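> Below is a structure I'd like to ask you about.
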Amino acid sequence: MTLQVKPRSIMGLIGPNGAGKSTFVDAVSGFLPQHTGRVVLNGEDVTALSPTARARRGLRRTFQQDRVPPQLTVEAYVRFVARRRLDHHELADALAFLGCPAPEEKLANVDVGTRRLIEVAAAVLSGPSVLILDEPAAGLSHEEHLRFGERLTRIPSRFDTAIILIEHDLDLVRTVCTELTVLDFGMTLAQGTQDEVLRDPAVIAAYMGDAEVES
């Protein structure tokens with residue numbers, strides 16, 4: 001498969017369990033070093049680089065599992081993940097923009113869904129060229145999904161970041177993604193604009209069913 005992400009865009013990567021989404025993320029981010037193919041970031045071939053080296057060059061990811069340590073404050077965690085100088089106002093403003101708690105809030109007092117938002121905020125504030133979000137809305141209510149999606153659409157232009165969004169919630173995908181790629185056992189089943197992909201008969205038949213893709 002070939003996947004190209006445009007600058008300051010949001011590309012949705014969808015497909016059922018077993019389609020190869022997690023394998024794709026691990027390969028691109030460097031956690032699956034024995035894969036075939038190439039990973040090119042801003043014109044540089046980073047295929048041979050470690051996950052840490054790729055992150056330093058601007059390729060970041062989040063994880064499905066909650067990796068936010070509860071003993072830290074929100075600010076301490078964000079600074080640890082971002083690994084760059086942030087003044088307090090910049091940090092607080094970004095957290096408020098993404099609907100996160102105040103910097104001084106203890107993570108032990110924050111629910112799981114909000115911790116996912118904080119994880120996204122920390123990754124965004126690291127200043128990546130490409131950010132892979134692996135089911136970032138897991139644990140959020142429907143209303144929180146909608147608010148998160150609205151904020152997510154503003155991240156590329158505000159932070160000069162391209163996003164690859166892996167998400168099972170098609171409402172969120174429709175809200176934020178202009179382009180989609182559908183995987184089928186590691187192969188590309190469909191790729192293109194949201195309308196083109198969600199109306200593709202092969203996509204409807206293989207994954208979603210007519211009811212799920214109707215507007």
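> Between a residue in the range 130-151 that is under 11 Å from I163 (Cβ atoms) and any residue that is charged (D, E, K, R) and part of a helix (DSSP H, G or I), which pairs come within a Cβ distance under 9 Å, given they are 6 or more apart or on different chains?
Within 9 Å, the pairs are P136/R116; P136/E119.
> Residue under question is R67, and the condition is that it be over 15 Å from V130 (Cβ atoms), under 17 Å from the mean Cα position of the chain (by Cα) and assigned to a loop (DSSP other than H, G, I, E, B); does it hold?
On the way: over 15 Å from V130 (Cβ atoms): yes; under 17 Å from the mean Cα position of the chain (by Cα): yes; assigned to a loop (DSSP other than H, G, I, E, B): yes.
Spelling it out, R67 is indeed over 15 Å from V130 (Cβ atoms), under 17 Å from the mean Cα position of the chain (by Cα) and assigned to a loop (DSSP other than H, G, I, E, B).
> Now for a separate question. Quick one: count up the residues across the range 176-189 that are crowded, with 17+ Cβ neighbours inside 10 Å, closer than 15 Å to S9 by Cβ and not charged (D, E, K, R).
Kept after step one, since they are crowded, with 17+ Cβ neighbours inside 10 Å, are these residues of the range 176-189: 176-177, 179-184, 189.
Those still in the list that are closer than 15 Å to S9 by Cβ too: 176-177, 179-181.
Now restrict to residues that are not charged (D, E, K, R): 176-177, 180-181.
Here the count works out to 4.
> Only one of R84, R67 is in contact with a Ser or Thr (Cβ under 8 Å, 6 or more places away or on another chain) and free of Cβ contacts under 8 Å to residues at least 60 places away in the same chain. Can you tell me which? Full working, then the answer.
Details: R67 fails: in contact with a Ser or Thr (Cβ under 8 Å, 6 or more places away or on another chain).
On inspection, the qualifying residue turns out to be R84.
> In this structure, does P156 turn out to be crowded, with 16+ Cβ neighbours inside 10 Å, under 11 Å from the mean Cα position of the chain (by Cα) and within 17 Å of T175 (Cα to Cα)?
Judged against the criteria, P156 is not a match.
> With respect to the numbered conditions (1) out of contact with any strand residue (DSSP E or B) (no Cβ under 8 Å at 6 or more places or on another chain); (2) within 22 Å of R67 (Cβ to Cβ); (3) of a type in the set (S, T, N, Q), which one is the sole condition not fulfilled by T161?
Result: T161 passes all but (1).
> Quick check on R61: is it out of contact with any strand residue (DSSP E or B) (no Cβ under 6 Å at 6 or more places or on another chain), more than 27 Å from I204 (Cβ to Cβ) and among the basic types (K, R)? Walk me through how you get there before you give the answer.
Numbers: out of contact with any strand residue (DSSP E or B) (no Cβ under 6 Å at 6 or more places or on another chain): no; more than 27 Å from I204 (Cβ to Cβ): yes; among the basic types (K, R): yes.
Criteria not met by R61.
> Being hydroxyl-bearing (S, T, Y) and within 17 Å of E119 (Cβ to Cβ), is that true of even one residue in the range 36-43?
Start the filter on the range 36-43 by keeping residues that are hydroxyl-bearing (S, T, Y), which leaves 36.
Among the residues that remain, those that are also within 17 Å of E119 (Cβ to Cβ) are: none.
Checking the range 36-43: not a single residue is hydroxyl-bearing (S, T, Y) and within 17 Å of E119 (Cβ to Cβ).
> Assess whether E90 counts as being of a type in the set (D, E), over 26 Å from Q4 (Cα atoms) and surrounded by 15 or more Cβ atoms within 10 Å (Cβ to Cβ).
Details: of a type in the set (D, E): yes; over 26 Å from Q4 (Cα atoms): yes; surrounded by 15 or more Cβ atoms within 10 Å (Cβ to Cβ): no.
In short, no.
> Moving on to the next point. Out of E75, E167, E150, I need the residue that is of a type in the set (D, E), surrounded by 17 or more Cβ atoms within 10 Å (Cβ to Cβ) and under 17 Å from the mean Cα position of the chain (by Cα). Which one? Step through it out loud before you land on a result.
On the way: E75 fails: under 17 Å from the mean Cα position of the chain (by Cα); E150 fails: surrounded by 17 or more Cβ atoms within 10 Å (Cβ to Cβ).
The conditions single out E167.
> Condition first: of a type in the set (A, V, I, L, M, F, W, C) and either over 17 Å from T181 (Cβ atoms) or exposed (fewer than 14 other Cβ atoms within 10 Å of the Cβ) (or both). Now tell me which residues in the range 36-49 satisfy that. Give the steps one after another, and end with the answer.
So the first thing to find is which residues in the range 36-49 are of a type in the set (A, V, I, L, M, F, W, C), and the list is 39-41, 46, 48-49.
Once the filter is applied, which keeps residues that are of a type in the set (A, V, I, L, M, F, W, C) and either over 17 Å from T181 (Cβ atoms) or exposed (fewer than 14 other Cβ atoms within 10 Å of the Cβ) (or both), the range 36-49 yields V40, L41, V46, A48, L49.
> At pLDDT below 90, farther than 17 Å from A162 by Cα and among the β-branched types (V, I, T) - does that describe any residue in the range 1-8? Let's see the steps before the verdict.
Residues of the range 1-8 that are at pLDDT below 90, as a first pass: 1-4.
Restricting the remaining residues to those that are farther than 17 Å from A162 by Cα gives 1.
Retained after the next criterion (residues that are among the β-branched types (V, I, T)): none.
No, the conditions are met nowhere in the range 1-8.
> Within the group L91, L95, L49, L86, which residue is at pLDDT 90 or above, in contact with a Lys or Arg (Cβ under 8 Å, 6 or more places away or on another chain) and not in a loop (DSSP other than H, G, I, E, B)? Let's see the steps before the verdict.
Values: L95 fails: in contact with a Lys or Arg (Cβ under 8 Å, 6 or more places away or on another chain); L49 fails: not in a loop (DSSP other than H, G, I, E, B); L86 fails: not in a loop (DSSP other than H, G, I, E, B).
Exactly one residue qualifies, and that residue is L91.
> Among the residues of the range 1-35, which ones are free of Cβ contacts under 8 Å to residues at least 40 places away in the same chain and either surrounded by 21 or more Cβ atoms within 10 Å (Cβ to Cβ) or not in a loop (DSSP other than H, G, I, E, B) (or both)? If you could, list the steps in order and put the result at the bottom.
If we filter the range 1-35 for residues that are free of Cβ contacts under 8 Å to residues at least 40 places away in the same chain, which is where we start, we get 4, 17, 26-27, 30-35.
Answer for the range 1-35, where residues must be free of Cβ contacts under 8 Å to residues at least 40 places away in the same chain and either surrounded by 21 or more Cβ atoms within 10 Å (Cβ to Cβ) or not in a loop (DSSP other than H, G, I, E, B) (or both): D26, A27, G30.
The values are calculated or read from the model by the stated rules, or taken from the named source; none is laboratory data. On a predicted model such as this, the values are computed, not experimentally measured, just so you know. For neighbour counting, all protein chains shown are included, and Cβ atoms are generated from backbone atoms with ideal geometry for every residue, glycine included.
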